[in-house]
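> Have a look at this one.
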């Protein structure tokens with residue numbers, strides 16, 4: 001394994017780190033209160049080439065590989081977990097469109113997405129099936145040169161802020177399960193397509209919500225890939241996004257540890273800096289060790305993807321472990337800061353709220369462990 005970067009790749013990561021520190025960090029608290037992504041900031045992010053850089057140059061990407069995408073995601077989360085989520089979401093939706101859309105649809109949506117001028121939502125989860133993601137009931141009925149969509153999606157990130165959604169709908173029967181699902185590009189503003197917002201504990205800037213489809217007519221050309229193969233397509237994409245989510249969470253944890261090490265060198269107790277007390281430093285030392293191990297796992301997963309090697313089990317490991325570990329580390333840092341850490345004046349409480357939700361999205365820990373078990377023992381042994 002070689003995680004070394006070319007000078008061009010290093011420049012991209014340095015640009016992301018500087019952008020996060022200078023532009024994203026200052027407004028994080030205000031955006032959290034407003035519950036919105038700053039579109040001007042999103043466009044600046046796109047103009048710097050920090051969205052979908054792993055995608056082909058023909059559509060505005062840089063074809064830099066997914067390890068670089070992971071490092072950019074991590075850098076964004078040094079400043080604001082929600083802007084790391086922008087990178088993850090656009091990467092997942094962008095990859096699905098790039099791999100399965102017609103050339104006209106690629107040209108229509110990928111350039112504005114990568115330029116930060118259009119925001120995409122991934123619409124898979126439904127009210128009756130979260131972890132049972134193959135049990136979709138939102139119906140897509142073929143009608144001539146169109147499909148007509150009826151049903152509801154829920155717990156959708158960027159639900160009310162997006163410009164387009166990648167929607168998974170049942171084109172087969174319910175008995176077909178995963179093999180009866182197709183994917184579609186559905187622009188916001190299409191007649192019959194409405195949204196509602198949730199009031200969540202964290203991730204306020206991202207803004208989860210529901211999508212409603214009441215006779216929404218979509219051209220057949222907006223179908224992604226073959227009919228009834230949509231679920232297989234998105235599962236391939238999740239192997240990528242799960243590793244990115246791992247780095248997203250670890251970026252917030254890494255920044256929290258950095259700030260806490262500085263704090264304990266300066267804060268006095270019993271006439272000494274807190275750094276003199278092993279009861280303070282040992283938990284932080286343990287956190288650093290676990291963080292490095294989880295980070296290497298995430299990078300290795302992305303490296304495997306770049307080499308075209310299997311990485312489904314590794315991606316699932318990233319997804320169940322890194323968000324849990326990050327939440328534990330951030331909580332340790334918060335408690336180390338005492339009463340000030342509990343205040344919204346410091347960033348720990350926001351980071352903790354934002355990271356907690358990422359233990360659910362893209363698959364819970366239980367589902368990830370099931371994925372790992374199936375990869376190791378076989379589907380027949382672990383149904």
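The values are calculated or read from the model by the stated rules, or taken from the named source; none is laboratory data. This structure is a prediction, so every number in the text was calculated from the model and none was measured. Backbone-built Cβ (ideal geometry, glycine too); neighbour counts: all protein chains shown.
> Out of all the residues in the range 245-273, which are more than 25 Å from residue 317 (Cα to Cα) and touching a residue at least 60 places away in the same chain (Cβ under 8 Å)?
Once the filter is applied, which keeps residues that are more than 25 Å from residue 317 (Cα to Cα) and touching a residue at least 60 places away in the same chain (Cβ under 8 Å), the range 245-273 yields 259, 260, 263, 264.
> So which of 238, 231 ends up being surrounded by 17 or more Cβ atoms within 10 Å (Cβ to Cβ), touching a strand residue (DSSP E or B) at 6+ places or on another chain (Cβ under 9 Å) and either within 30 Å of residue 183 (Cα to Cα) or at pLDDT below 95 (or both)? Step through it out loud before you land on a result.
Numbers: 238 fails: touching a strand residue (DSSP E or B) at 6+ places or on another chain (Cβ under 9 Å).
Just one listed residue meets the conditions, 231.
> On to the next question. Checking residue 142 against (1) closer than 20 Å to residue 100 by Cα; (2) surrounded by 15 or more Cβ atoms within 10 Å (Cβ to Cβ); (3) at pLDDT 95 or above, which test does it fail?
Unmet condition: (2).
> Let me ask another. Considering only the range 20-52, state which residues are closer than 18 Å to residue 106 by Cα and within 15 Å of the chain's Cα centre (by Cα).
Those that are closer than 18 Å to residue 106 by Cα and within 15 Å of the chain's Cα centre (by Cα): 51, 52.
> Would you check which residues across the range 115-134 are touching a helix residue (DSSP H, G or I) at 6+ places or on another chain (Cβ under 7 Å) and within 15 Å of residue 230 (Cβ to Cβ) and list them?
122, 124, 134
> Let me ask something else about it. State yes or no: is residue 367 at pLDDT 95 or above, under 24 Å from the mean Cα position of the chain (by Cα) and not assigned by TED's automatic domain parsing to the domain that holds residue 205? Before you say what the answer is, go through the steps one by one.
On the way: at pLDDT 95 or above: no; under 24 Å from the mean Cα position of the chain (by Cα): yes; not assigned by TED's automatic domain parsing to the domain that holds residue 205: yes.
Spelling it out, it is not the case that residue 367 is at pLDDT 95 or above, under 24 Å from the mean Cα position of the chain (by Cα) and not assigned by TED's automatic domain parsing to the domain that holds residue 205.
> Tell me, which residue of the range 115-130 that is touching a residue at least 24 places away in the same chain (Cβ under 8 Å) and more than 17 Å from the chain's Cα centre (by Cα) is nearest to residue 234 (Cα to Cα)?
Taking the range 115-130 as the starting set, the residues that turn out to be touching a residue at least 24 places away in the same chain (Cβ under 8 Å) are 115-127, 130.
From what's left, more than 17 Å from the chain's Cα centre (by Cα): 115, 117, 126-127.
Values: 115: 23, 117: 24, 126: 15, 127: 19 Å.
Out of the qualifying residues, it is 126.
For (1) more than 16 Å from residue 214 (Cα to Cα); (2) within 26 Å of the chain's Cα centre (by Cα), each residue gets a yes or a no:
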site	(1), (2)
134	yes, yes
143	no, no
150	no, no
155	yes, yes
170	no, yes
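> Can you list the helices (runs of 4 or more DSSP H) found entirely within the range 1-114 that contain at least 2 residues being in contact with a helix residue (DSSP H, G or I) (Cβ under 7 Å, 6 or more places away or on another chain) and over 21 Å from residue 183 (Cβ atoms)? If you could, list the steps in order and put the result at the bottom.
Numbers: elements: 7-19, 28-34, 39-47, 66-79, 81-100, 103-114.
Per the criteria, 7-19, 28-34, 39-47, 66-79, 81-100.
> Additional query: Within the range 20-27, identify whether any single residue is surrounded by 22 or more Cβ atoms within 10 Å (Cβ to Cβ) and either farther than 24 Å from residue 322 by Cα or modelled with pLDDT under 95 (or both), and answer yes or no.
The first filter runs over the range 20-27 and keeps only residues surrounded by 22 or more Cβ atoms within 10 Å (Cβ to Cβ), leaving 20, 24.
Next cut, either farther than 24 Å from residue 322 by Cα or modelled with pLDDT under 95 (or both) only: none.
No - not one qualifying residue is present in the range 20-27.
> For the range 345-359: of the residues being outside any helix (DSSP H, G or I) and touching a residue at least 40 places away in the same chain (Cβ under 8 Å), which is nearest to residue 206 (Cα to Cα)? Spell out how you get there, then give the answer.
So in the range 345-359, the residues outside any helix (DSSP H, G or I) come out as 345-347, 358-359.
Retained after the next criterion (residues that are touching a residue at least 40 places away in the same chain (Cβ under 8 Å)): 347, 358.
Details: 347: 17, 358: 12 Å.
Selected residue: 358.
> Out of curiosity, is residue 189 at pLDDT 95 or above, on the phi > 0 side of the Ramachandran plot and surrounded by fewer than 17 Cβ atoms within 10 Å (Cβ to Cβ)?
Values: at pLDDT 95 or above: yes; on the phi > 0 side of the Ramachandran plot: yes; surrounded by fewer than 17 Cβ atoms within 10 Å (Cβ to Cβ): yes.
Here the answer is yes, as residue 189 does meet what is asked.
> Right, next: Scan the range 286-304 and give yes if some residue there is outside any loop (DSSP other than H, G, I, E, B) and either assigned by TED's automatic domain parsing to the domain that holds residue 110 or over 26 Å from the mean Cα position of the chain (by Cα) (or both), otherwise no.
Of the range 286-304, the ones outside any loop (DSSP other than H, G, I, E, B) are 286-304.
If we keep only those that are either assigned by TED's automatic domain parsing to the domain that holds residue 110 or over 26 Å from the mean Cα position of the chain (by Cα) (or both) as well, we get 286.
Yes, some residue in the range 286-304 is outside any loop (DSSP other than H, G, I, E, B) and either assigned by TED's automatic domain parsing to the domain that holds residue 110 or over 26 Å from the mean Cα position of the chain (by Cα) (or both).
> Looking at 282, 231, which one is in contact (Cβ under 8 Å) with a residue 12 or more places away in the chain and either more than 17 Å from the chain's Cα centre (by Cα) or not in a helix (DSSP H, G or I) (or both)? Don't jump to the end; show me each part of the working.
Details: 282 fails: in contact (Cβ under 8 Å) with a residue 12 or more places away in the chain.
When all the criteria are applied, what remains is 231.
> Go through the range 30-54 and give me each residue that's exposed (fewer than 15 other Cβ atoms within 10 Å of the Cβ) and either touching a strand residue (DSSP E or B) at 6+ places or on another chain (Cβ under 7 Å) or under 10 Å from residue 204 (Cα atoms) (or both).
33, 34
> Could you grab me the full set of residues in the range 153-186 that are surrounded by fewer than 18 Cβ atoms within 10 Å (Cβ to Cβ) and either touching a helix residue (DSSP H, G or I) at 6+ places or on another chain (Cβ under 9 Å) or touching a residue at least 60 places away in the same chain (Cβ under 8 Å) (or both)? Don't jump to the end; show me each part of the working.
Within the range 153-186, the first condition is being surrounded by fewer than 18 Cβ atoms within 10 Å (Cβ to Cβ), and the residues that meet it are 163, 172-179.
Across the range 153-186, the qualifying residues are 163, 172, 173, 174, 177, 178, 179.
> Which residue out of 179, 142 is over 23 Å from residue 358 (Cα atoms) and in a strand (DSSP E or B)?
142
Yes or no, residue by residue, for (1) under 15 Å from residue 142 (Cβ atoms); (2) not assigned by TED's automatic domain parsing to the domain that holds residue 17; (3) not in a helix (DSSP H, G or I):
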position	(1), (2), (3)
206	no, yes, yes
210	no, yes, yes
217	yes, yes, yes
235	no, yes, no
243	no, yes, no
247	no, yes, no
250	no, yes, no
